[in-house]
Amino acid sequence: PGRAARVLLLAAVFAAAVMLLTPLAGPARIDFWKAWRGEFPDAQMFFGVRWPRTLLAMLSGGALALAGVLFQALLRDPLATPFTLGVSSGASLGAVLMIVLGVHTLWGLPALWAGAACGALAVLAIVVTVAAEGRRVSSFTLLLAGVAINSIASSLIMLLHNLATVGQSFAIVHWLMGNIDPVPAGTLAGLALIVLPVSIAACAFARHWNLMAVGEEWAAARGASPQRLLLGGYLAGSLLAAAVTAVTGPIGFVGLVVPHALRLRIGSDHRVLLPASFLVGGAFLTLCDTAARTLLSVELPVSVVTALVGGPVFIFLLRSRRRSLWL
């Protein structure tokens, strides 16, 4: 308990420091105390532009990292991510379809967000239907169905991209790169209303995810319902990934590198791993977004930075783990 509390406190302090300091970085210098006192233009730049972007990155990174932990525990597959199970690809397909059709609004929402949400939900329904065997849901079939749907969605995206006009092709590429762009306050609040309750509920079932990570038979022998946990965990992870992808586009690698990096350092107890992944995942994506908008004179897609930064760090951690095992 003491070690777990220290880990979570350290993760929370790290996330809070990132949230406070990263909005200060940018081409225009901001004085934090002037912004805090409400002086122009520091306050407008800090609280009106950079702070909402930081909050979006924190929510998105935390949700993607937590979804990765859930999928890896439920499917007992170290490579399981929202991309593996087709949720992110389905959301991307829905958004690309809206671009090709030239739809700008749908049900009063921006068409890209609405299309992405519909695409993710459609993939979710298809994968669960395929994986269902009577009243049971097979984790193995769930994984295979997700991989198959992911390939189909990716192929349809390439088809639509080839049929698109030049302007539509540019918009498709921009969407598929994934970006943390400024969004209205209402959109940010809506994302928080989805991400935070689902994340809290997932953390509340941490003991059950520990059982599922060992095996379904192990969980059943200890009074848990593997079928309900498998379906509930998949729905929770998919909802997190779908909500984030609908707003930011597909951002890869966060749901893979953050859970594994933390697992190598703090262990596999989901009572600690889940909240730590949410905090560190949010901080990781926020730092990557800050680097994407400050390193060069042009703003880079954040997904490029997550791969370029996270990949070498992840390989270093794996090699360190390997050396420690040999010693």
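Brief remarks follow.
- Gyration tensor verdict on region 136-217 (Cα atoms; rounded if a/c is under 1.5, prolate if a/b is larger than b/c, oblate otherwise): oblate
- The chain - percent relative contact order, Cα under 8 Å, separation 6 or more: 30
- Sum of side-chain charges, R271 neighbourhood, beta-carbon under 12 Å (Lys, Arg +1; Asp, Glu -1): +1
- Here the spin labels are modelled as points 7 Å beyond Cα on the Cα-Cβ line, and at R76 and V304 they lie 4.1 nm apart.
- Residue-count net charge about D181 - beta-carbon cut-off 14 Å; Lys, Arg +1, Asp, Glu -1: +1
- Within the shell of other residues whose beta carbon sits under 13 angstrom from the beta carbon of A5, the net charge comes to +2, with Lys and Arg scored +1 and Asp and Glu -1.
- For the chain, calculated [θ]222 nm from helices alone, where every DSSP H run of n ≥ 4 adds -39500 (n - 2.57): -25000 deg cm²/dmol
- Alpha carbon centroid spacing (whole Å) that separates region 292-316 from region 149-194: 19
- Sorted largest first by accessible area at a 1.4 angstrom probe radius, with every protein chain in place, the residues V173, V272 fall in the order V173, V272.
- Packing-based ranking, highest mean first, of 175-184, 77-86 given that Cβ atoms within 10 Å are counted: 77-86, 175-184
- Taking 0.36 nm per residue of separation and subtracting the Cα-Cα distance, full extension of the segment from L24 to V103 would add 24.8 nm.
- Accessible area expressed per residue, region 101-194, with surrounding protein chains retained (probe 1.4 Å, Å²): 57
- Part-to-part distance (alpha-carbon centres) for region 101-132 and region 34-88, which is given in Å: 21
- Accessible surface of region 179-317 [probe 1.4 Å, protein heavy atoms]: carbon and sulfur percent: 72
The values are calculated or read from the model by the stated rules, or taken from the named source; none is laboratory data. Source: prediction; values computed, not measured. Please note: Cβ atoms are built from the backbone with ideal geometry, for glycine as well, and neighbour counts cover all protein chains shown. To get the accessible areas, we keep the full protein, side chains included, count just its heavy atoms, and leave off ligands, DNA and RNA. Shrake-Rupley method; radii C 1.70, N 1.55, O 1.52, S 1.80 Å.
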